[in-house]
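Comments concern the structure below.
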Amino acid sequence: MAAPQTLDGWYVWHDFRTIRREAWKSIDVHSAAAVMRDFTAFVQGELDAQRSRLGSFGQFVLAGTKADLLFLYMRPTIGELNEAKARFEATRFADFTERAYSYVSVVELGGYLAKPGVDVEQDEVLQLRLKPPVPQMRYVCFYPMNKRRTHPDNWYMLDEAERRKHLMAHGQIGRQFAGKVKQIISGSVGLDDWEWGVTLYADDPIHFKKLIYEMRFDESSARFAEFGPFYVGEQVDVEGLTTWMMTLHG
Amino acid sequence: MAAPQTLDGWYVWHDFRTIRREAWKSIDVHSAAAVMRDFTAFVQGELDAQRSRLGSFGQFVLAGTKADLLFLYMRPTIGELNEAKARFEATRFADFTERAYSYVSVVELGGYLAKPGVDVEQDEVLQLRLKPPVPQMRYVCFYPMNKRRTHPDNWYMLDEAERRKHLMAHGQIGRQFAGKVKQIISGSVGLDDWEWGVTLYADDPIHFKKLIYEMRFDESSARFAEFGPFYVGEQVDVEGLTTWMMTLHG
Amino acid sequence: MAAPQTLDGWYVWHDFRTIRREAWKSIDVHSAAAVMRDFTAFVQGELDAQRSRLGSFGQFVLAGTKADLLFLYMRPTIGELNEAKARFEATRFADFTERAYSYVSVVELGGYLAKPGVDVEQDEVLQLRLKPPVPQMRYVCFYPMNKRRTHPDNWYMLDEAERRKHLMAHGQIGRQFAGKVKQIISGSVGLDDWEWGVTLYADDPIHFKKLIYEMRFDESSARFAEFGPFYVGEQVDVEGLTTWMMTLHG
Amino acid sequence: MAAPQTLDGWYVWHDFRTIRREAWKSIDVHSAAAVMRDFTAFVQGELDAQRSRLGSFGQFVLAGTKADLLFLYMRPTIGELNEAKARFEATRFADFTERAYSYVSVVELGGYLAKPGVDVEQDEVLQLRLKPPVPQMRYVCFYPMNKRRTHPDNWYMLDEAERRKHLMAHGQIGRQFAGKVKQIISGSVGLDDWEWGVTLYADDPIHFKKLIYEMRFDESSARFAEFGPFYVGEQVDVEGLTTWMMTLHG
Amino acid sequence: MAAPQTLDGWYVWHDFRTIRREAWKSIDVHSAAAVMRDFTAFVQGELDAQRSRLGSFGQFVLAGTKADLLFLYMRPTIGELNEAKARFEATRFADFTERAYSYVSVVELGGYLAKPGVDVEQDEVLQLRLKPPVPQMRYVCFYPMNKRRTHPDNWYMLDEAERRKHLMAHGQIGRQFAGKVKQIISGSVGLDDWEWGVTLYADDPIHFKKLIYEMRFDESSARFAEFGPFYVGEQVDVEGLTTWMMTLHG
C-alpha cells in the first residue's frame, strides 16, 4: 500500500512567544517605543520578502496565556527558516519574549492536483497555493494533528478507496465554509511531533469553532483524528502589535 | 451526520494566576496596600463593563497550589479579551502574579433553544444566557472536558437520537441541582485544548462534588466524558481579595 | 443509575513542599533557628485548632525528591483552607519552600453508614470520622486515584450489586490491616484532578506496600483503579521538623 | 486471589542529580577542588556505613543529559533515608547540583525464598540479598516498571499458576546473564509512582541492552510490562567523581 | 521466542541544546567571536577523533524552538561519552547553551549481517557501519521510536516469520530512497527511554518526509511503531555554526 503523493511547497515555522512582562515593564516608555520602532525594521524585511515572493510572514496576538504572540514564517528552505530564527532572536524585541511553542512543517497539497501534462513548477495557481502569502483575514487558528494508528481505527491500515471516501466527505465540509475560512495545510511527518499542522484564517473566529465542530462528526475526524494544542489569535500589523505591547507596558 | 447547532455568545477567558510570594512579601505593607488600591481601579473598570452589559468579570481565590487566583472575563470579541489581557498585565498587581493556567472559550447554548420565529438577537432571556454576568454565588468550580472519540465509546459516531437521549438524561441530573448549582457551558472547539469549559457556581461547594459524582454514573459521562484539571475557589470582591493578599503578605 | 450517597466532612488540603536549599543555606544558623522558632507559632496555632476540634493538622518529612515536606490541613470550609494557605505563605519559613504538589478534597464516608433514624450531625463516632484529627502514627502514604471509565472496565457502568460486591471484597482486605494501617478517604470529584485522595497512616511503612499490593490483586483495583503519584513520609513534630531542617542547613 | 508474599529488606533511594554548571564553573579551581575534598568526607561516611552493614551507597556518572549523577542509598528505615537526604543537601557539593529524578523503594525478594523452618532474619544468604552492598561492577542501569492492568493484558487478573509460569520463563532469561549482569529488584507499591525499581549492574553495558531486549520477547514483558525512564551510567569512586567534576570545571 | 541477534557498535549521544539568548547577547561582539574561536578547538578535537576512527562527531542547527543545536557524538564506551560531556560543558561556548533533549544509544545492525565464517571485528564493511563517521549530507532528522506492545498490535508477540516479513517490506521502502537518505539505526533498550533512535541524513529534507510518510503506510509502522519527538536541522561546520551564532548575537 503506497502513501498518497503530495506536492510540497515552502517550509513553515510557527513561532509562539510569551512576553517577558517583568523585563518589558522594567524599561521606560520611551525605550519601549524604541524597541517597537526597531522591530518594525525586522517586520518590514519579512513583509518585503513576502511581497517579493521570497517567503511569507504574519504576526498575531493570541488569546489566553499559553502564548501571547505568533510569528509565522515560510521560506523555500529550512536553512532560511533557521536564519530567520537567528535574525529574530537578534532583535531587541526578542529579548522581551520567551519561546512558548513552535511548529515546523512544509506546505502540502494533494498530489492529485498535479494533473497529467501540467508542470507544477510553472502552474501559477499551484505555485501560489504551495508558496502562499499569509491571508489578510483578521483571525488565525492553529493546531497540529495526527491520523490515528491504533486498532481498530487505524487510518494507515485503510485501503485507498476508503481513505479517499473519507477525505472527500471531509473536503465537502470544508467547502461549506468557502469564503469564511481559508485553510493552509502543512505536512510535518519527519519534521515535527505531529503529522500535520493546520492553519485557519477567518474574519470571524466563530467559524473556526463551527467548521471544526462540524468536521468532528465526520467519520474521518470522529474515528481517525488526534489533535494537539489549539491556538487562536488576531492578526496585527506593526501598529496593532505596537498598540498591544504598549498597552501591556502601561 | 451533521453537528448539532449551537448558539454562541460572549468569548470567555479564564485566567488562572499564582502569587509570586517572594516579590509580594519583599515590598513593605504600605506599598502592598497601594498595589491593591491601584488594582481596584482595574477591577472597577471590569465591573463597570459588566454593569453596562459590555462584558463580564469575576475574581476568585482558589484552593490548593495549582493556582491561587482566577480572573474570569467575557467579551463580545477575542480582540477585546486580548486587550483585557494587556491591561491586566499592565497593572502593578500583575507584577506579583504568574500565569498558572488559562482557558479560552465562547458561551454556548444548544441550538434547539432558538425556537422557530424567534430572533435570538432580540430574545432577552437568550441574550442574558449568551452574555451572562458572573453569578453572585460564593464558590466556583471550573474544568475543561471532551467527548470521547475512541472505540467503542465514540460520542461522535453515535446517531443523533442516541446523543439526544444521553443529553436529556444528563440534563435531568442538572435540573436536580437547580437553585443549588448554576452552570455556564462554553465551547472551545478550535479555541483551546479541550472541547468545552464548564464553570459551575454554588453557595455550598459540596454541591459541585455531588452534582459531578451523580453525573459520572450517567452513561453520557461514564462512557463518553474525558476531563481535564479541576479548579475550585471562592468568589471575592475587592475587599475579599485585598484581605487574602494582605494575609499572605504578613 | 444513581451515584452512591456519601457523607462529607471537613475539607482537606495536602500541601507538598520542596525546600529552597540555596536560600535556606544562605542564612546563618542563628537566623535559621529563628525561622524555625517563628514557624512554631504557626504550627501551634494549627495544633490548637485541632485540639479545639476546629480543624486538623499534620506535618511530614517525605522520602525522595519529588517533595520534601507535607503539611496537611482540614477545615469545615474551603474558605478556611484558603486562609490557612495565606497564613502559611506569610510565615518566614514559607520563604524557604517551593510548592511541589497539592491536593484538595473532602473527607468522605459511605452513605450507608448513616443508619435510618441516626442524625449524622449528632453521631459522635461519625463526626469523629468525618472530622478526624491526624492519626498519631509514624508514617504517612498519600496517593490520588480514579475509578477507570474505559471499555470494558468501566466502573461507572457496573450495576450497583456488582459495585457493592467489589467494594466489600476491597474492604475485607483493608480490615486485615486493622490496627496496622489507618486509612482516611477523601473525595475530590469536582475539587481536584482525581476522584479520591487516599491517606494512609502506619507505624511501619512496609504495611503501606503490603496493603496496596494485596489490594492490587483484588478485582476492584486490578480492573478498575487508576493511580496518581505516591508520596511516603515520616510524621514529625516541631522538634523533628526543626532537627531535619537544621541538618539540611548544615 | 492473594498477592504473592514478599521478603522486604532495606529501603532504597535513587537520587538523580544534574550539575549546576554555571555555579560550578563560577568558582575557581582551588575552591572546586576543596568542594570535592569536603564531599569525600560525606562519601566516606556512607561507605563506612556500607562496610559496617548499616546501609549501602554507590555513586555513578550518568550518560546523556536527563541527569549527570546518581547517588544510591539503602537504609533499614525511611527515616534514615530522609536523614541522608538532609546530610547530602547540607554538603557544599550539593549546592552545585539540582534534583533531576528520584526513586524510593525497598529491596524485595520472592516470598518463596523463605523456606519452611528457615528464620529469614538469621539466614545469612537471604540477609545479604535483602540488605545488599552496591555491587562492584562498572556500569549501572536503572528503570522503574509496572505490571500492566489494562484489558486484555491484566497481570493482576491472571491466576497464580499463569503468573508463576510467566515469572519462571522470565527468570530463566535472567539466569542466562548470570555473572554478566547482577540485578537488584526493589518494590515500590505505595512508596513511589511505579510498582518496582530495577537496578542492573554489569562490567559491560551492552549486557543491559541484550538482557532487556531478550526479556522483551518474553510474554511476561511483551504483554504485561510498562516501563518508565531508563538511566545508564558508570560507577565512580571518589577519585573518579572528582576527575569528572574537574574536567567539567575546566 | 528469542530476541533477534544484533551487532552493536559505538555508543551514541545526541545532545540537543538551546541557546541562552540573554547571556549570549549580553557579551560584546569581540567576546562572542572569541567564544566561537575557542569552541573551534573543541570541535577540531572531535573531528580529529573522527578522522582517527576513535569516534564520530557532527553539529547541526535545528529548525523551530524545541532546540537550537544538535551535537552528535559516538564513542566505543559510555565512559568516553561521559568524558565528552564533561569536556563540552567545560567550554565557554557551553555556558551559552541549555540542555533541551538528549538521547543515548548504540549503533545497531541486524545480527543476520554477520555471515557464518565472518569475523565481525575484522570485516571492514561491517566495522564502518558499526562505527560510522557522521555522513557529509546537508540535513539531519532524528527521532526515537518503540515497537508497540499493546493488544492486538503487539510486535513482541508476533512469531519470527511474521516479524521478518514486516521488516523486509519496511526495508524495501528504505531502499527506494537509497542515495537520497542515509539511515543510522541505534538501539537504546536499557539505555534510554525509547527502544531505538533513528538518525537520517539527506541533502534535501523533503526526502525525510517522503520516506517516513511512505513507511507509515507499511504495516510494520502503521500497526507497530510508536514515535517520540522529531527534530530536523542543517549540518554546519565551524564556520556555519559561527555565522549562525553571530547572526543571532546581532
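The values are calculated or read from the model by the stated rules, or taken from the named source; none is laboratory data. Everything numeric here is computed off the predicted structure, so don't read it as measured data. Virtual Cβ from ideal backbone geometry, glycine too; neighbours counted across all protein chains shown. Each accessible area value is taken on the protein alone, full model and side chains, heavy atoms only, with ligands, DNA and RNA left out. Shrake-Rupley method; radii C 1.70, N 1.55, O 1.52, S 1.80 Å.
What's the number of the condition B:Arg75 fails, among (1) closer than 28 Å to B:Glu22 by Cα; (2) of a type outside the set (A, V, I, L, M); (3) more than 9 Å from chain A (Cβ to nearest Cβ)?
It is condition (1) that B:Arg75 fails.
Where residues in region B:194-240 are in a strand (DSSP E or B), of a type in the set (Gly, Ala, Ser) and under 17 Å from the mean Cα position of the chain (by Cα), which of them is nearest to the other protein chains (Cβ to nearest Cβ)?
Quick first cut of region B:194-240, residues in a strand (DSSP E or B) only: B:196-202, B:225-227, B:231-235.
Checking the rest, the ones that are also of a type in the set (Gly, Ala, Ser) come to B:197, B:202, B:225, B:233.
Cutting the leftovers down to under 17 Å from the mean Cα position of the chain (by Cα) gives us B:197, B:202, B:233.
Working: B:Gly197: 11, B:Ala202: 10, B:Gly233: 7 Å.
My answer is B:Gly233.
Give just the number: which of (1) open to solvent by 40 Å² or more (accessible area, probe 1.4 Å); (2) within 20 Å of the chain's Cα centre (by Cα) does D:Pro116 not satisfy?
For D:Pro116, the failing item is (2).
Would it be correct to say that D:Phe230 is surrounded by fewer than 21 Cβ atoms within 10 Å (Cβ to Cβ) and among the aromatic types (Phe, Trp, Tyr)? Step through it out loud before you land on a result.
Values: surrounded by fewer than 21 Cβ atoms within 10 Å (Cβ to Cβ): no; among the aromatic types (Phe, Trp, Tyr): yes.
It is false that D:Phe230 is surrounded by fewer than 21 Cβ atoms within 10 Å (Cβ to Cβ) and among the aromatic types (Phe, Trp, Tyr).
Restricting to region B:219-250, give me the number of residues that are hydroxyl-bearing (Ser, Thr, Tyr) and in contact with a helix residue (DSSP H, G or I) (Cβ under 6 Å, 6 or more places away or on another chain). Working first, answer last.
As a first pass, look at region B:219-250 and keep what is hydroxyl-bearing (Ser, Thr, Tyr): B:220-221, B:231, B:242-243, B:247.
Going one step further and asking which of them are in contact with a helix residue (DSSP H, G or I) (Cβ under 6 Å, 6 or more places away or on another chain), we end up with B:220-221, B:242, B:247.
Number satisfying all stated conditions: 4.
For E:Asp159, are the conditions met, namely being more than 24 Å from the chain's Cα centre (by Cα), buried (at least 19 other Cβ atoms within 10 Å of the Cβ) and on the phi < 0 side of the Ramachandran plot?
Numbers: more than 24 Å from the chain's Cα centre (by Cα): yes; buried (at least 19 other Cβ atoms within 10 Å of the Cβ): no; on the phi < 0 side of the Ramachandran plot: yes.
No: the conditions fail for E:Asp159.
Filter region D:165-179 for residues that are open to solvent by 50 Å² or more (accessible area, probe 1.4 Å) and under 25 Å from the mean Cα position of the chain (by Cα) and give the result.
Initially, region D:165-179 is screened for residues open to solvent by 50 Å² or more (accessible area, probe 1.4 Å), giving D:165, D:167-168, D:172, D:175-176, D:178-179.
Passing the criteria: D:Leu167, D:Met168, D:Gln172, D:Arg175, D:Gln176, D:Ala178, D:Gly179.
Which residues, counting only those in region C:1-59, are of a type in the set (A, V, I, L, M), within 14 Å of another protein chain (Cβ to nearest Cβ) and within 26 Å of C:Arg138 (Cα to Cα)?
Matches in region C:1-59: C:Val12, C:Ile19, C:Ala32, C:Val35, C:Met36, C:Ala41.
Under the condition of being closer than 17 Å to A:Thr40 by Cβ and among the hydrophobic types (A, V, I, L, M, F, W, C), which residue from region A:69-101 is most open to solvent (accessible area, probe 1.4 Å)?
My answer is A:Ala90.
Would you call D:Val125 open to solvent by 50 Å² or more (accessible area, probe 1.4 Å), more than 18 Å from the chain's Cα centre (by Cα) and not hydroxyl-bearing (Ser, Thr, Tyr)? So that I can check it myself, show each step before the final result.
Values: open to solvent by 50 Å² or more (accessible area, probe 1.4 Å): yes; more than 18 Å from the chain's Cα centre (by Cα): yes; not hydroxyl-bearing (Ser, Thr, Tyr): yes.
Criteria met by D:Val125.
Scan D:Gly58, D:Gly64 and give me the residue that is surrounded by 22 or more Cβ atoms within 10 Å (Cβ to Cβ) and under 15 Å from D:Lys131 (Cβ atoms).
On the way: D:Gly64 fails: under 15 Å from D:Lys131 (Cβ atoms).
Within the list D:Gly58, D:Gly64, the selection yields D:Gly58.
Sort through E:Ser52, E:Ser56, E:Ser31 and tell me the only one that's in contact (Cβ under 8 Å) with a residue 40 or more places away in the chain and hydroxyl-bearing (Ser, Thr, Tyr). Even if it seems obvious, please write down each step before you answer.
On the way: E:Ser52 fails: in contact (Cβ under 8 Å) with a residue 40 or more places away in the chain; E:Ser31 fails: in contact (Cβ under 8 Å) with a residue 40 or more places away in the chain.
Residue meeting the stated conditions: E:Ser56.
Enumerate the pairs (first residue in region C:134-148 and closer than 27 Å to C:Asp48 by Cα and touching a residue at least 40 places away in the same chain (Cβ under 8 Å); second residue anywhere and open to solvent by 30 Å² or more (accessible area, probe 1.4 Å) and in a loop (DSSP other than H, G, I, E, B)) with beta-carbon separation below 6 Å, excluding pairs fewer than 6 apart on the same chain, so at least 6 apart or on different chains.
C:Met137/C:Asp203; C:Arg138/C:Asp203
Just give me the residues in region B:106-125 being under 30 Å from A:Trp244 (Cα atoms) and more than 9 Å from chain A (Cβ to nearest Cβ), in sequence order.
Result: B:Val107, single match.
Is region A:8-15 home to any residue that is open to solvent by 30 Å² or more (accessible area, probe 1.4 Å) and not in a strand (DSSP E or B)? Walk me through how you get there before you give the answer.
We begin by selecting, within region A:8-15, every residue open to solvent by 30 Å² or more (accessible area, probe 1.4 Å); these are A:8.
Still in the running and not in a strand (DSSP E or B): none.
Scanning region A:8-15, I find no residue that is open to solvent by 30 Å² or more (accessible area, probe 1.4 Å) and not in a strand (DSSP E or B), so the answer is no.
Taking region E:37-55 on its own, how many of its residues are closer than 20 Å to E:Pro135 by Cβ and acidic (Asp, Glu)? Outline the logic, then answer.
So the first thing to find is which residues in region E:37-55 are closer than 20 Å to E:Pro135 by Cβ, and the list is E:43-44, E:46-55.
Okay, now just the ones that are also acidic (Asp, Glu), so E:46, E:48.
Qualifying residue count, region E:37-55: 2.
Take region E:102-111 and flag every residue that is open to solvent by 20 Å² or more (accessible area, probe 1.4 Å) and either closer than 18 Å to E:Ile78 by Cα or polar (S, T, N, Q) (or both).
E:Glu108
Answer yes or no as to whether C:Lys182 is open to solvent by 40 Å² or more (accessible area, probe 1.4 Å) and not in a helix (DSSP H, G or I).
Values: open to solvent by 40 Å² or more (accessible area, probe 1.4 Å): yes; not in a helix (DSSP H, G or I): yes.
Answer is yes for this residue.
Would you point out which residue out of B:Arg138, B:Arg175, B:Arg163 is over 16 Å from B:Trp10 (Cβ atoms), within 11 Å of chain A (Cβ to nearest Cβ) and not aliphatic (A, V, I, L, M)? Step through it out loud before you land on a result.
On the way: B:Arg138 fails: within 11 Å of chain A (Cβ to nearest Cβ); B:Arg175 fails: within 11 Å of chain A (Cβ to nearest Cβ).
Among B:Arg138, B:Arg175, B:Arg163, only B:Arg163 is over 16 Å from B:Trp10 (Cβ atoms), within 11 Å of chain A (Cβ to nearest Cβ) and not aliphatic (A, V, I, L, M).
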